[in-house]
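Notes to accompany the following structure.
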Amino acid sequence: MSDSDMVQAWTKVLTLCKLKQGEVVTILTAPDTNQQTLVTASIAADALGAVVNRLELPPVNGERSLSRDKLAFVGTTPLTGNRAALAALKASDLVLDLMTLLFSPEQLEILQGGTRILLAVEPPDVLARIVPTEADRTRVLAAASKLKAAKEMHITSGAGTDLRCALGEYPLLEEYGFADAPGRWDHWPSGFIATWPNEGGAHRRVVLDRGDILLPMKTYLAAPIEMEIEGGYVTSIAGALDAELLRDYIESFADPEAFAVSHIGWGLQPKARWSTLGLYNREATIGMDARAFEGNFLFSLGPNTEAGGTRDTPCHIDIPMRGCTVALDGEAVVARGQTRDTNIARAEAAD
Ligand code: FE
């Protein structure tokens with residue numbers, strides 16, 4: 001990836017974030033932040049007339065997490081108890097998070113002050129391939145209006161999934177790839193819509209099929225995994241080797257909340273692809289192609305603190321599933337893995 005292409009990509013994204021001359025941008029970094037992403041972000045923000053800071057914080061949770069993936073162990077962040085860093089971020093108009101500050105009360109406090117935050121931690125070539133557009137926002141917000149009105153999400157699949165989730169208790173997670181309003185958090189690259197089932201309101205069965213993806217494991221399943229779900233929790237995980245590995249990983253947290261159903265939603269990003277995960281070194285990506293590819297049903301286990309709930313388990317697993325039908329109050333928004341506005345989305349992506 002050339003520096004000039006990355007500067008152009010950042011310029012598009014910062015413009016979509018409505019960055020104005022004289023606004024304060026703080027780039028939040030960790031020792032392993034990609035240097036090209038950092039340098040090109042700084043150049044693009046500076047060229048747009050922003051006041052640019054950099055704040056580097058030390059990593060946390062290294063001794064506790066089984067994985068180096070920063071989405072694998074959530075909760076405590078480098079901002080926990082760090083008043084000075086918190087003050088700097090709250091005083092910024094836009095925070096470019098190249099570190100991965102997620103699921104924390106400190107992040108909520110920063111957003112409540114009106115600061116907008118954009119997370120960007122995928123490698124430069126993934127960022128440059130999935131630069132967001134206004135069309136992404138339009139598509140995600142159209143899906144959001146349907147999801148907001150729904151009382152139930154019913155997910156079925158040829159593999160045997162039959163999951164019913166009562167809705168309405170929790171807010172939506174609308175990710176379209178840029179933070180264009182005060183207090184908005186987003187993630188470049190992304191493109192999906194999600195919410196959380198009502199407390200205790202997820203029931204029946206999820207059957208993961210061959211080719212479905214486990215994150216943070218970053219593996220494609222070789223064989224199905226059957227999960228029984230009662231009262232919002234996975235009560236059994238059955239299957240071959242992949243099922244045993246998944247169960248052992250979740251059990252390592254010794255936390256019953258790790259088995260809770262977390263966010264549920266569907267992918268809306270035509271530039272993201274199901275097949276890319278096998279092309280990258282497992283530690284070079286966090287798997288945003290997998291989370292966002294168009295028409296996947298994104299099932300997940302773990303916390304709901306991001307939605308304002310109290311379940312703060314550090315274990316978080318995202319599971320993009322193919323070939324599912326997602327119905328809201330009986331109306332399909334995804335049919336056998338295809339979003340209903342697929343053709344529109346493809347035309348937009350070609351622009
Ligand atoms: Fe997730």
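Just for region 172-187: of the residues that are among the hydrophobic types (A, V, I, L, M, F, W, C) and within 16 Å of the ligand (Cβ to nearest atom), which one is nearest to the chain's Cα centre (by Cα)? Show your work before the answer.
Pass one, region 172-187, residues among the hydrophobic types (A, V, I, L, M, F, W, C): 172-173, 178-179, 181, 185.
So of that shortlist, the ones also within 16 Å of the ligand (Cβ to nearest atom) come out as 172-173, 185.
Values: 172: 12, 173: 9, 185: 11 Å.
Within region 172-187, the match that is nearest to the chain's Cα centre (by Cα) is 173.
Looking at (1) farther than 28 Å from residue 32 by Cα; (2) of a type outside the set (A, V, I, L, M, F, W, C); (3) away from the ligand (no atom under 16 Å from the Cβ), which one does residue 271 not meet, given that it meets all the others?
It is condition (1) that residue 271 fails.
Looking at this structure, is residue 283 under 25 Å from residue 201 (Cβ atoms) and in the same structural domain as residue 223 (by TED's automatic domain parsing)?
Working: under 25 Å from residue 201 (Cβ atoms): no; in the same structural domain as residue 223 (by TED's automatic domain parsing): yes.
Here the answer is no, as residue 283 does not meet what is asked.
Among all residue pairs at least 6 apart or on different chains, which show Cβ distances below 7 Å where the first residue, located in region 201-222, is on the phi > 0 side of the Ramachandran plot and the second is of a type in the set (D, E, K, R)?
Within 7 Å, the pairs are 204/162; 204/164; 211/322; 218/282.
Looking at 324, 315, which one is within 16 Å of the ligand (Cβ to nearest atom), in contact (Cβ under 8 Å) with a residue 24 or more places away in the chain and among the hydrophobic types (A, V, I, L, M, F, W, C)? Break it down stepwise before answering.
Numbers: 324 fails: within 16 Å of the ligand (Cβ to nearest atom).
Exactly one of 324, 315 is within 16 Å of the ligand (Cβ to nearest atom), in contact (Cβ under 8 Å) with a residue 24 or more places away in the chain and among the hydrophobic types (A, V, I, L, M, F, W, C), namely 315.
So for region 202-212 (the condition being at pLDDT 95 or above, touching a strand residue (DSSP E or B) at 6+ places or on another chain (Cβ under 7 Å), within 14 Å of the ligand (Cβ to nearest atom) and closer than 27 Å to residue 65 by Cα), does at least one residue qualify?
Taking every residue of region 202-212 in turn, none turns out to be at pLDDT 95 or above, touching a strand residue (DSSP E or B) at 6+ places or on another chain (Cβ under 7 Å), within 14 Å of the ligand (Cβ to nearest atom) and closer than 27 Å to residue 65 by Cα.
Yes/no matrix, rows are residues, columns are (1) within 16 Å of the ligand (Cβ to nearest atom); (2) touching a residue at least 24 places away in the same chain (Cβ under 8 Å); (3) under 30 Å from residue 219 (Cβ atoms); (4) not small (Gly, Ala, Ser):
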| position | (1), (2), (3), (4) |
| --- | --- |
| 62 | no, no, yes, no |
| 68 | no, yes, yes, yes |
| 102 | yes, yes, yes, yes |
| 129 | no, yes, yes, yes |
| 136 | no, yes, yes, yes |
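The values are calculated or read from the model by the stated rules, or taken from the named source; none is laboratory data. Note that the structure is predicted; figures quoted are calculated from it, not measured. When we count neighbours, we look across all protein chains shown, and the Cβ atoms used for this are built from the backbone with ideal geometry, even at glycine.
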